[in-house]
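The values are calculated or read from the model by the stated rules, or taken from the named source; none is laboratory data. Bear in mind the structure is a predicted one, so any value in this text is a computation, not a measurement. As a convention, Cβ positions derive from the backbone with ideal geometry for all residues, glycine included, and neighbour counts pool all protein chains shown. Please note that ligands, DNA and RNA were not included when accessible areas were found on the heavy atoms of the full protein model with its side chains. Shrake-Rupley method; radii C 1.70, N 1.55, O 1.52, S 1.80 Å.
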Amino acid sequence: MNGANLDDLVDLLGRWASGRGPLYLLLAVRLRALIDDGVLPPDDPLPPDRVLARRLAVGRGTVVAAYDLLQQEGRVVRRQGSGTRVAPLDLPATRTADGVVANPLLQHILHPPDGVILLTCAAPHDPPPAMFEAYAEAGARLSGVRDLGYQPAGNAELRATLADYYRARGVPTTPDEIIVTTGAQQALTLLTALLAAPGDTVLAESPTYPGSLEVFRHAAAVVKPVTLEQLRDALRERPAFAYFVPTARNPDGAVMANHDRRRLAALAAEHDVPLIDDEVCAELCFSGETPPPLASFSRGENVITIGSLSKLVWGGLRVGWIRAAAPLISRLDRLRAVHDLGGEVFSQLAATALLRRLDEVRAARVRALRERHDHLCAELGRHLPSWSFEPAKGGQTIWVRIPRGDVDAFSQVALRHGVAVPPGRSFDPLGGHADHMRLHFLFPAEELSRAVNNLAAAWASFDGAGRTASRHTLIV
């Protein structure tokens, strides 16, 4: 990690405090794993006791005891005046640190749940009956088919169905302007690899989808936050591309007005800068109407649209796509073939069947989301009236601000009360929005109520005790 940046270390610690036992022991166990795996390399400095304790919302004695235990094990070296460093360890080459620090949201995916209510991963937990019926239809259609199944651009029938989908939304599209991907995350990764070189500037909103920021940083791009008002000046600097989420934006559920969409598309075309329109949540507007994609406001070839079924149907249905000019799609086809030879065809056939039932699937999902959204907002207003937020216009999440302190520290207390929440800095290209968090409303009403009750208890502990937590073990 090349010098344990405090934010990076807190992210890597993940849900360290959510288990059973003394806090100092839980912290030592997680630090030990990071050291043994090579994520914290030899001679890496660790944060001072007081600094880490303040960030984790624990007493200084908890960090001191954890460091002392690791020193006894020979995993850290503590010297007066020199601080605490990872001890030299003879690790195999396969365990050297790779320099990649997981976003806290990704940490909650990488480490399985352990009794904590996860308000971190915003994806549907309950696949609709239509999905199972679609897979049954796909299985019947594959029976007896003689085909290698390697299709880097995607299944031809799905590409044709997606082209029909965009034509119906006012965007002339042919199948050769579509590539099917393994979810929208891969779509964004392929586009970034193709369009951005290390050191290039990428424009993005703030706050924005944190998975996009991870992709841009992994490509060594410089992410610059912009508003629509700042966009003209930013585009003059010739960025690699601009990335926007105009519909049911993650994290706040905002929906951009059509006149702003027109302006955004026009500015990108005027400066000939690729504009990525992330429509992953576009079909989840509470109004029941899907706003037009940015491509419908552009006559050029610079607008690129990405979509997916992961939010509309289920996160485990890893089918996404890119709609762009045919020459760009052809380049993406070749890049995709190098990575994985193409996506899984069975799921693509199921996706084709689901898209033909889009109105039915969307209506059921939006109805459930709207009800759960209203329930979460009511519960927050009842139990946490000092917190502020704007109701979402769509999507799966709301953007919540606490009146005092920062969410990084509060999230540590929330973990010890059995709830995981994502801090706002994960959604900001510059690490701002420290007083915000994103909450999803995908759980049933009873579970949302339980989550809010736990958050209220955590807030009472955090806000009422000078933002420090008890050293006593909390069983969650």
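Only one of V223, V215, V255 is part of a helix (DSSP H, G or I) and aliphatic (A, V, I, L, M); which?
That would be V215, the only listed residue that is part of a helix (DSSP H, G or I) and aliphatic (A, V, I, L, M).
Just one of the listed residues (L442, L430) is among the hydrophobic types (A, V, I, L, M, F, W, C), open to solvent by 50 Å² or more (accessible area, probe 1.4 Å) and in contact (Cβ under 8 Å) with a residue 60 or more places away in the chain, and it is L430.
Among the residues of segment 264-276, is any part of a loop (DSSP other than H, G, I, E, B), open to solvent by less than 10 Å² (accessible area, probe 1.4 Å) and touching a Pro at 6+ places or on another chain (Cβ under 7 Å)?
yes
In segment 246-263, what count of residues is obtained for those that are in contact (Cβ under 8 Å) with a residue 24 or more places away in the chain and open to solvent by 10 Å² or more (accessible area, probe 1.4 Å)? Residues flagged as in contact (Cβ under 8 Å) with a residue 24 or more places away in the chain and open to solvent by 10 Å² or more (accessible area, probe 1.4 Å) within segment 246-263 amount to 10.
Residue under question is A234, and the condition is that it be open to solvent by 40 Å² or more (accessible area, probe 1.4 Å), in a helix (DSSP H, G or I) and of a type in the set (G, A, S); does it hold? Full working, then the answer.
On the way: open to solvent by 40 Å² or more (accessible area, probe 1.4 Å): no; in a helix (DSSP H, G or I): yes; of a type in the set (G, A, S): yes.
No.
Within segment 140-160, the only residue that satisfies the criterion of being at pLDDT 90 or above and either at positive phi or more than 31 Å from the chain's Cα centre (by Cα) (or both) is G154. Restricting attention to segment 366-386, does a residue exist that is open to solvent by less than 10 Å² (accessible area, probe 1.4 Å), of a type in the set (S, T, Y) and farther than 29 Å from L9 by Cβ? Within segment 366-386 (the criterion being open to solvent by less than 10 Å² (accessible area, probe 1.4 Å), of a type in the set (S, T, Y) and farther than 29 Å from L9 by Cβ), the answer is no, since none of the residues qualifies.
Can W314 be described as under 16 Å from A184 (Cβ atoms) and surrounded by fewer than 19 Cβ atoms within 10 Å (Cβ to Cβ)? Before the answer, list the steps.
Details: under 16 Å from A184 (Cβ atoms): yes; surrounded by fewer than 19 Cβ atoms within 10 Å (Cβ to Cβ): yes.
It is true that W314 is under 16 Å from A184 (Cβ atoms) and surrounded by fewer than 19 Cβ atoms within 10 Å (Cβ to Cβ).
Scanning segment 278-307 for residues that are part of a helix (DSSP H, G or I) and farther than 13 Å from G395 by Cα returns L294, A295, S296, F297.
If you take the residues in segment 68-79 that are in a helix (DSSP H, G or I) and either polar (S, T, N, Q) or over 20 Å from R416 (Cβ atoms) (or both), which one is most open to solvent (accessible area, probe 1.4 Å)?
Among them, the one singled out is Q72.
Inside segment 49-67, can you point out the residues that are surrounded by 15 or more Cβ atoms within 10 Å (Cβ to Cβ) and over 18 Å from G14 (Cβ atoms)? It would help to see each step written out before you state the result.
Initially, segment 49-67 is screened for residues surrounded by 15 or more Cβ atoms within 10 Å (Cβ to Cβ), giving 49, 52-60, 62-67.
D49, R54, G59, R60, V64, A65, Y67 - these are the residues of segment 49-67 that are surrounded by 15 or more Cβ atoms within 10 Å (Cβ to Cβ) and over 18 Å from G14 (Cβ atoms).
Taking the numbered list (1) under 29 Å from T227 (Cα atoms); (2) of a type outside the set (K, R); (3) crowded, with 24+ Cβ neighbours inside 10 Å in turn, L455 passes all entries but (1). Per the conditions (1) open to solvent by 40 Å² or more (accessible area, probe 1.4 Å); (2) part of a helix (DSSP H, G or I); (3) free of Cβ contacts under 8 Å to residues at least 40 places away in the same chain, the sole criterion not satisfied by Q185 is (3). Inclusion of L349 among residues that are part of a helix (DSSP H, G or I), in contact with a Lys or Arg (Cβ under 7 Å, 6 or more places away or on another chain), buried (at least 20 other Cβ atoms within 10 Å of the Cβ) and in contact (Cβ under 8 Å) with a residue 12 or more places away in the chain is warranted.
In the set (1) on the phi > 0 side of the Ramachandran plot; (2) open to solvent by less than 10 Å² (accessible area, probe 1.4 Å), the condition left unmet by Y243 is number (1).
Checked against the criterion of being open to solvent by less than 20 Å² (accessible area, probe 1.4 Å) and either in a helix (DSSP H, G or I) or touching a helix residue (DSSP H, G or I) at 6+ places or on another chain (Cβ under 7 Å) (or both), the candidates L194, L158 yield just one match: L158.
Please verify whether segment 119-128 includes one or more residues that are over 21 Å from G343 (Cα atoms) and at pLDDT 95 or above. Within segment 119-128, not a single residue is over 21 Å from G343 (Cα atoms) and at pLDDT 95 or above.
Can you confirm whether S310 is of a type in the set (S, T, N, Q) and either assigned to a loop (DSSP other than H, G, I, E, B) or touching a Cys at 6+ places or on another chain (Cβ under 6 Å) (or both)? Criteria met by S310. Each residue in segment 399-436 was checked for being small (G, A, S) and part of a loop (DSSP other than H, G, I, E, B), and 5 of them qualify.
Looking at segment 216-231 only, could you name the residues that are under 19 Å from A187 (Cα atoms) and open to solvent by less than 30 Å² (accessible area, probe 1.4 Å)?
First, the residues of segment 216-231 that are under 19 Å from A187 (Cα atoms): 216-221, 223.
F216, A219, A221, V223 - these are the residues of segment 216-231 that are under 19 Å from A187 (Cα atoms) and open to solvent by less than 30 Å² (accessible area, probe 1.4 Å).
Looking only at segment 123-138, decide whether some residue is part of a loop (DSSP other than H, G, I, E, B) and either open to solvent by 50 Å² or more (accessible area, probe 1.4 Å) or more than 21 Å from T352 (Cα to Cα) (or both). Within segment 123-138 (the criterion being part of a loop (DSSP other than H, G, I, E, B) and either open to solvent by 50 Å² or more (accessible area, probe 1.4 Å) or more than 21 Å from T352 (Cα to Cα) (or both)), the answer is yes, since at least one residue qualifies.
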